[in-house]
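Q: Structure below; questions to follow.
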Amino acid sequence: MAVTLELDASAESFPLGRATANAGPASVEAERVVPLDRTATPYIRVVADDQAQFEETVRSHESVETLELVGDDDDEAIYLAEWVESDDDFSTLVREVGGAVLTIRGKAGANRWFWRVRFAEHAALSRFRKICDACRVDVDVRRIFGGIRPGPNPVRELSEGQRKALTIALREGYFEVPRRTTLSDIASELGISQQAASELVRRAANTVLSRALVSELDEYAV
């Protein structure tokens, strides 16, 4: 049975964390990181105060081979990136035991980033933890789950700000196609910055969806 590990890892332990260290205020999320030999190719979602500065800083970093803008709207930019991993990078250790990186999320310049990693079985997770201990990798485990995992109503896990932001987003049609509102409108109603509104909506949606669907996703994952 598949098992999923959520943890916080040092920004210095992987290329994306190092490359965005001086990229200015920005929220960054990499999804479905696909390793190709020593090169990782993820899609990266970015909400930055200065998009041009973010691009210039990340592209110039020694571990980044390419950074291609593939989508852009008033809320965020989406990039396809390629970076080269070293033998002792955290993502390399995940790959050594056959793990799949589902999500990497953090803020440019932050010391710790959130990771969600999936392993095909508990034995692979055990091997991974032994490797981390042997290499003295600095990680903080948040939770481990797999199979049918009952839990509380996910809405109760949201902060007051997250609940307000998600409620406004749903009410005003942010998740509809086409959208009937923007993050800028949501931010104005809440009296906060667009970046702060984006973080609230994303984290709220991620919490609700992950709690509601993780059991089904684990059961049907291939």
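The values are calculated or read from the model by the stated rules, or taken from the named source; none is laboratory data. Just so you know, these numbers come straight off a predicted model, no measurement behind them. Reconstructed Cβ throughout: ideal geometry from the backbone, glycine too, with neighbour counts over all protein chains shown. Quick note on the areas: whole protein, heavy atoms, side chains included, nothing else; ligands and nucleic acids left out. Shrake-Rupley method; radii C 1.70, N 1.55, O 1.52, S 1.80 Å.
Q: Leaving out ligands, DNA and RNA, and with a 1.4 Å probe, what % of the accessible surface on the chain is carbon or sulfur?
A: Reported share for carbon and sulfur atoms: 51 percent.
Q: How many percent of all Cα-Cα pairs in the range 36-122 sit more than 22 Å apart?
A: Values: 1120 of 3741 pairs.
Everything past 22 Å amounts to 30 percent.
Q: Then there is this: Before rounding to the nearest 500, sum -39500 (n - 2.57) across all DSSP H runs of length at least 4 in the chain and divide by the residue total; then give [θ] at 222 nm in deg cm²/dmol. Intermediate values should be presented prior to the final figure.
A: Numbers: 7 runs with 83 residues, N = 222.
Computed mean residue ellipticity for the chain: -11500 deg cm²/dmol.
Q: Work out from phi, with θ = phi - 60° and the Karplus expression 6.51 cos²θ - 1.76 cosθ + 1.60, the ³J(HN,Hα) of each residue of the range 122-138, listed in order in whole Hz, and give x for Gly and Pro.
A: 5, 4, 5, 5, 4, 5, 4, 5, 5, 5, 4, 5, 5, 8, 6, 6, 8
Q: Moving to a separate point now. Of THR4, ALA165, VAL117, which is farthest along the charge dipole of the chain in the positive direction, counting Lys and Arg as +1 and Asp and Glu as -1 at C-beta?
A: The Cα lying farthest towards the positive end belongs to THR4.
Q: Of HIS61, HIS122, which has the most accessible area with a 1.4 Å probe, and how do the rest follow in descending order? Let's see the in-between values first.
A: Values: HIS61 45, HIS122 110 Å².
Largest to smallest exposure gives the sequence HIS122, HIS61.
Q: Under the definition of Cα pairs under 8 Å and six or more residues apart, what whole-number percent is the relative contact order of the range 1-148?
A: RCO, the range 1-148: 37 percent.
Q: For the range 20-30, take each phi angle, set θ = phi - 60°, evaluate the Karplus expression 6.51 cos²θ - 1.76 cosθ + 1.60, and give the result in whole Hz per residue in order, putting x for glycine and proline.
A: The phi angles translate into 9, 4, 10, 8, x, x, 6, 9, 10, 9, 9 Hz.
Q: Please list the radius of gyration and Dmax for the range 93-193, considering alpha-carbon atoms only, with Å as the unit.
A: 18.7, 52
Q: May I pose another question? Considering amide H positions built from the backbone, and no H for Pro or chain starts, which residues 5 or more places from THR103, or on another chain, come under 5 Å of its amide H?
A: The list, which skips near neighbours in sequence, is ARG32, ARG116.
Q: Using 1/(1 + (r/R0)^6) with R0 = 25 angstrom and r between the beta carbons of SER126 and GLU157, what's the FRET efficiency to the nearest 0.05?
A: 0.35
Q: Starting at the first residue of the range 44-59, write each ³J(HN,Hα) from the Karplus equation 6.51 cos²θ - 1.76 cosθ + 1.60 with θ = phi - 60°, in whole Hz, x for Gly and Pro.
A: 10, 9, 9, 10, 10, 5, 10, 4, 5, 5, 4, 4, 4, 5, 5, 4
Q: For the chain, with a Gaussian network of springs between Cα atoms less than 10 Å apart, report the residue from ARG18, ARG129, ARG143 with the top mean-square fluctuation.
A: Largest GNM mean-square fluctuation: ARG143.
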